[in-house]
Amino acid sequence: MTILALETSCDDTSAAVVRDGAILSNIVSSQIGIHGEYGGVVPELATREHLRNLRTVADKALSDVGLQNLDAVAATQGPGLPNALMVGLKAAQGFAFAARKPFIGVHHIEAHLYSPWVGAERVEPNVSLIVSGGHTLLVHVRGALDHTVLGSTLDDAAGECFDKTGKMLGLRYPAGPEIDRLAERGNPRAYDFPRPLLTDASDDFSFAGLKTSVRYFLQKHPELSASDSAICDLCASVQAAIVEVLVAKTIRAVKRLGVRTVTASGGVTSNRALRRELLDACQREGLSLRLADRAVCTDNAGMIGILAGMKLRAHQPETSLDANIAPTWPLA
Ligand code: KG4
Ligand code: ZN
């Protein structure tokens with residue numbers, strides 16, 4: 001089964017061709033350079049960039065596979081930025097209409113959920129940590145397309161916390177990768193920032209308080225922003241607080257549920273400290289860990305095509321060619 005998938009939910013324009021669960025092409029045109037100077041994604045600019053780039057990206061993804069060879073077309077239907085979603089969804093519905101093939105609308109977060117298994121046999125049940133710029137969730141996956149959300153963030157997502165604290169430190173958007181890089185040269189115990197909800201009984205997260213405490217700390221110690229070594233220590237200390245909460249709450253949920261496998265996906269899963277700490281914790285507890293490959297951590301259409309294939313194999317109904325975007329679609 002050969003599927004063309006499109007993803008335009010935020011600031012990456014992506015097209016992929018997936019055949020029988022294998023990604024044949026996965027082209028991503030990132031808009032990082034465009035939004036950097038504004039400190040965050042500007043929805044109107046994102047939409048215009050998707051409109052400008054989608055055809056080239058789709059053309060590249062389809063370079064070895066003709067439209068006539070497709071069995072289905074998929075796109076991210078939600079959640080995401082409304083107008084940005086609209087570009088990919090309507091283009092994919094147009095492709096499906098022209099090719100007379102089924103269209104599958106995909107949940108963006110559900111696609112992240114299965115992305116750690118690209119190129120490998122899935123192991124279920126597992127507990128999955130999904131950490132991106134817009135979402136932070138812990139999910140109990142019982143089987144293919146069968147999952148329950150255990151907890152999510154009550155305010156900011158983990159990636160948002162990286163990006164916003166990084167902005168306070170004078171780093172460009174998205175600050176997550178830069179904090180990761182600078183933190184490697186810093187001391188994670190230099191400054192003691194709060195670990196929100198670390199011991200709370202729920203599986204929920206909260207990162208707004210951590211962000212605010214970094215802001216107050218910098219207001220009290222403005223001299224630190226001028227020191228390269230202090231910036232590295234601050235990056236390492238903020239990162240340590242975020243990572244400790246993510247890892248501790250994931251492991252606690254895994255032990256409570258008696259599950260033996262942990263997965264992690266989403267843009268923040270690229271973070272080296274998170275990857276290291278999750279691996280250490282899983283080894284200590286005798287758990288197996290499956291991290292999404294860095295290439296599929298951030299937004300990409302490959303993961304959309306993989307999930308669409310799973311839905312088709314499970315005989316889930318196709319999505320109407322008139323279906324609309326679902327910008328605030330919760331993960332069931
Ligand atoms: O999954 P993604 O590409 O888009 C969303 O669906 O949000 O995630 C983007 C987020 C941004 O907040 C970015 O700063 C963060 O992932 N990120 C990182 C790293 N690479 C990307 N955060 C920390 N360390 C990284 N290495
Ligand atoms: Zn994402």
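Here the extension length gained between Phe97 and Leu198 equals 31.4 nm, from 0.36 nm per residue of separation less the Cα-Cα distance.
Annotation: Arg276 carries an accessible surface of approximately 120 Å², with a 1.4 Å probe and no ligand, DNA or RNA atoms counted.
Which entries of Lys60/Lys101; Lys60/Lys90; Lys60/Lys167; Lys167/Lys249; Lys211/Lys249; Lys90/Lys164 have Cα-Cα distances beyond 24 Å here? In this structure, Lys60/Lys167; Lys167/Lys249; Lys90/Lys164 exceed 24 Å between Cα atoms. Pairs of Cα atoms nearer than 8 Å and 6+ residues apart set the relative contact order; for the chain it is 25 percent.
Qualifying trypsin sites (Lys or Arg not before Pro) in segment 150-190, where qualification requires a DSSP coil assignment and no more than 14 other C-beta atoms within 10 Å, comprise Arg185, Arg189. Helix 272-285 and the longest principal axis of the C-alpha atoms of the chain enclose an angle of approximately 90°.
Computed over segment 64-170, the Cα gyration tensor eigenvalues convert (square root of 5λ each) into semi-axes of 30, 21, 12 Å, ordered from largest to smallest.
Expressed as a whole percent, the accessible surface of the chain that belongs to carbon and sulfur atoms is 51, based on a 1.4 Å probe. Report the percentage of all Cα-Cα pairs in segment 125-291 whose separation exceeds 22 Å, rounded to a whole percent. Roughly 39 percent, once rounded to a whole number. Peptides 149-156, 264-271, 7-14, ordered by how many other C-beta atoms sit within 10 Å of their residues on average, highest first, read 7-14, 264-271, 149-156.
Counting only protein chain heavy atoms and rolling a 1.4 Å probe, the accessible areas of Phe205, Phe97 rank, largest first, as Phe97, Phe205.
List the residues of segment 311-332 whose backbone N lies under 17 Å from a point placed 7 Å from the Cα of Asp146 along the Cα-to-Cβ direction. It comes to 311-316, 332, nothing else.
Heavy-atom accessible surface of the chain, averaged per residue, reaches 42 Å², computed with a 1.4 Å probe. Were the residues from Asp228 through Lys60 laid out at 0.36 nm apart, the gain over their Cα-Cα distance would be 56.3 nm.
Which whole-number percent gives the relative contact order of segment 232-328, counting Cα pairs below 8 Å spaced six or more residues apart? Computed value for segment 232-328: 25 percent relative contact order. The average projected area of the chain, computed from the convex hull of its Cα atoms over all directions, is 16.0 nm². Compared with the rule-of-thumb size 2.2 N^0.38 Å for a compact globular protein, segment 35-118 has a Cα radius of gyration ratio of 1.20.
Computed extension gain for Arg260 through Arg276, at 0.36 nm per residue and net of the alpha carbon distance, reaches 3.9 nm.
Take Ser237: with every protein chain present and a 1.4 Å probe, its accessible area is about 0 Å².
Using every pair of distinct Cα positions in segment 1-149, the Kirkwood expression returns a hydrodynamic radius of 16.1 angstrom. Taking all Cα pairs closer than 8 Å and separated by 6 or more residues, the relative contact order of segment 14-96 comes to 30 percent.
The values are calculated or read from the model by the stated rules, or taken from the named source; none is laboratory data. In this text, all values refer to a predicted model and were calculated from it rather than measured experimentally. Because the Cβ atoms are built from the backbone with ideal geometry, glycine has one as well, and the counts that use them run over all protein chains shown. To get the accessible areas, we keep the full protein, side chains included, count just its heavy atoms, and leave off ligands, DNA and RNA. Shrake-Rupley method; radii C 1.70, N 1.55, O 1.52, S 1.80 Å.
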